[in-house]
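The values are calculated or read from the model by the stated rules, or taken from the named source; none is laboratory data. Bear in mind that the values here come from a model prediction, so they are computed numbers and not experimental data. Glycine also receives a Cβ, built like all others from the backbone with ideal geometry; neighbour counts cover every protein chain displayed. SASA here: full protein model, heavy atoms, side chains in, ligands and nucleic acids out. Shrake-Rupley method; radii C 1.70, N 1.55, O 1.52, S 1.80 Å.
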Amino acid sequence: EKAQATMETALLLVEAIPQKLDAIVQLVRNGLCCAKDLQLGPSGIHDPSVTATYYRFPEPLDQTTPLEIAICLCQFFAFVSVSKSGYGLVTKSGWFKLKRVQRLMHMRASSSSDGGKNATSATFTSDDAINRIIDESLEKERADANRCIFVGANVLAIGLCFFWLVCNSLHITQTNWVGGLQALIHALTVMEIGLAPLLYYMLKDGAAHLVRSASILQFRDNFTKALDGKKKNSAEQLLGYETYCWIREGGWSPFWEKPATSPRAGKKTQMEENAGLDREIKQVRAFVEGLTHGDRRTTSVKAIVAEAKGACEDGRLDELSVETRWHGYFEYIYFVLNFIAFYGYMLGILTYYFDDDYLAGTYTGSLRLGYNNASADWGGNFAGDAMWTVEPVFILSTPMLLGWAKPKKVAAGKTKIE
């Protein structure tokens, strides 16, 4: 019981670590790796005899420099943090959440409504819009949960492989304690395999953000006309999960978007989920019906209409469009940085398995871009370290960059996009 309490306390402490700390440690870790590659800084940080003045390691660990000690500590942080993040994606944000969403979708399956899928423009009602909003949200979260399971498995594999990087910094891989140098290469190979699908999702998410940015502006124009026009049911037809989130100030985050704590659900949990689903439906119904068929002389309906019109007229959707577009650009930047790192670290694996004579004149050897094994290994490793030093700079500066990118509001309350 004491050990379990200690473990729970440790997990709580880890969960309290700010997410930005991961990016800061990544910046420090890979910045130190670049300093090691280029032999930058005072000579003492590259001298293992300086380490020996504080603690004398056994051979071959006695070759560890003060700089490698610092790198080792940052790598150990990544081992814990990235592994925990991957495990959380697989469990709480993946499998556990998927089971909860499936339970909620089963509750919804008893409804006879098709969410407006078969409704025509003349028969589409606010009930159809409400059902579509709820059902699209649940479907999106089911897809996101499945993706989290797959992405989390890759992230978990990458995190666990940091253990061998820790050992390499301490020169443990020069022994057979953890599998030696071959185990390190296997770990790097697993990290490359885990990174490959993440590169794909960077491209996919970047394209999706750009498409969504254009859709927001198109929706703004159509929804403004629908609110001001007299065409029957035109506003309802424009409402879905995404568009509903766009017009709500602060967005809309139903409880099923949050990570789940367990895949199982007892009677009490099922009752709470059922009540939560009813509560979310009532909130959506109050807003949609107030917006489309409410008496605009009442205070509550006036507030609803003002919130919806404000999204279109006060520049909120313009800001959202610009922010979404820049998130797409950032995804492409992350792809370029990580692809260079992926390629660079791949060269280290390549040069381990094949010598210069074997690669000479082959297509595989051309991956070295004309360099010999030694130069390709060093250059690829440095390229990876450099790119993973630049990446956290972009991550940490994203709020500032988005602030610069947002359109400036003019006096008339409209939004001017440069």
### Message
Placing +1 on the Cβ of each Lys and Arg and -1 on the Cβ of each Asp and Glu in the chain, which of LEU38, PHE163, ALA214 has its Cα farthest towards the positive end of the resulting dipole?
### Response
ALA214
### Task
Pull out the extension gain between LYS268 and SER110, defined as 0.36 nm times the separation in residues minus the alpha carbon to alpha carbon distance; nm, one decimal.
54.9 nm
### Task
Using the heavy atoms of the protein chains and a 1.4 angstrom probe, tell me the accessible area per residue for the chain in square angstrom.
55 Å²
## Note on the structure
The base-10 log of I(q)/I(0) that the Debye equation returns for the chain at q = 0.09, 0.11, 0.14 Å⁻¹, one scatterer per C-alpha, is -0.75, -0.99, -1.31
### Summary
Going residue by residue through segment 276-285, the Karplus relation 6.51 cos²θ - 1.76 cosθ + 1.60 with θ = phi - 60° gives ³J(HN,Hα) values, rounded to whole Hz and with x marking Gly or Pro, of x, 5, 4, 5, 5, 5, 5, 5, 5, 4
### Query
Taking 0.36 nm per intervening residue step and subtracting the Cα-Cα distance, what contour gain separates TYR371 from LEU40 on full extension?
116.8 nm
### Message
Show me the chymotrypsin sites (Phe, Trp or Tyr not before Pro) within segment 135-182 that DSSP assigns to loop and that have at most 11 other Cβ atoms within 10 Å of their Cβ.
### Response
TRP177
## Note on the structure
Filtering chymotrypsin sites (Phe, Trp or Tyr not before Pro) in segment 29-119 by DSSP loop and by at most 16 other Cβ atoms within 10 Å leaves TYR54, TYR55
### Task
Per residue of segment 346-353, in order, report the coupling 6.51 cos²θ - 1.76 cosθ + 1.60 (Karplus, θ = phi - 60°) as ³J(HN,Hα) in whole Hz, putting x for Gly and Pro.
5, 5, x, 5, 4, 6, 6, 7
#### Entry: Dipole of the chain, positive end: most advanced residue of ASN381, THR243, LEU350 [Cβ charges, Cα centre]
THR243
### Task
Answer with one residue from LEU359, THR292, THR324: the one whose Cα lies farthest towards the positive end of the charge dipole of segment 292-363, charges on Cβ with Lys, Arg +1 and Asp, Glu -1.
THR292
### Task
Starting from the Cα of ILE333, step 7 Å along the direction of its Cβ; do the same at TYR352; then give the gap between the two resulting points in nm.
3.2 nm
### Task
Taking the Cα centre of the chain as origin, work out the dipole magnitude from +1 charges on Lys and Arg Cβ and -1 charges on Asp and Glu Cβ, in debye rounded to 20.
1880 debye
### Query
Fully extended, how many nm does the chain gain between GLU249 and ALA360 (0.36 nm per residue separation, minus their Cα-Cα distance)?
33.8 nm
### Message
Let me check against my output: what whole-number percent is the relative contact order of the chain, with C-alpha pairs under 8 Å and at least 6 apart?
### Response
21 percent
### Task
Name the residues whose placed amide hydrogens come within less than 5 Å of the amide hydrogen of ARG248, ignoring near sequence neighbours (fewer than 5 apart) on the same chain.
none
### Summary
Here D for segment 144-230, in µm²/s, from Stokes-Einstein with a Kirkwood Rh over Cα pairs at 37 °C and 0.692 mPa s, works out to 200 µm²/s
### Message
If you average the alpha carbon positions of segment 321-372 and of segment 215-267, how far apart do those two centres end up, in angstrom?
### Response
40 Å
### Query
Rounded to the nearest 20 Debye, what is the dipole magnitude of segment 25-178 about its Cα centre when Lys and Arg each give +1 and Asp and Glu each give -1 at the C-beta?
500 debye
### Task
Run the accessible area of the chain with a 1.4 Å probe and give the carbon-and-sulfur part as a rounded percent.
61 percent
## Note on the structure
Computed ³J(HN,Hα) along segment 291-300: with the Karplus parameters 6.51/-1.76/1.60, θ = phi - 60°, integer Hz and x for glycine or proline, the list is 6, 9, 10, x, 6, 6, 8, 7, 5, 5
### Message
Report, in listed order, any pair from LYS84/LYS204; LYS97/LYS267; LYS140/LYS309; LYS204/LYS258; LYS140/LYS258 with a Cα-Cα distance greater than 20 Å.
### Response
LYS84/LYS204; LYS140/LYS309; LYS204/LYS258
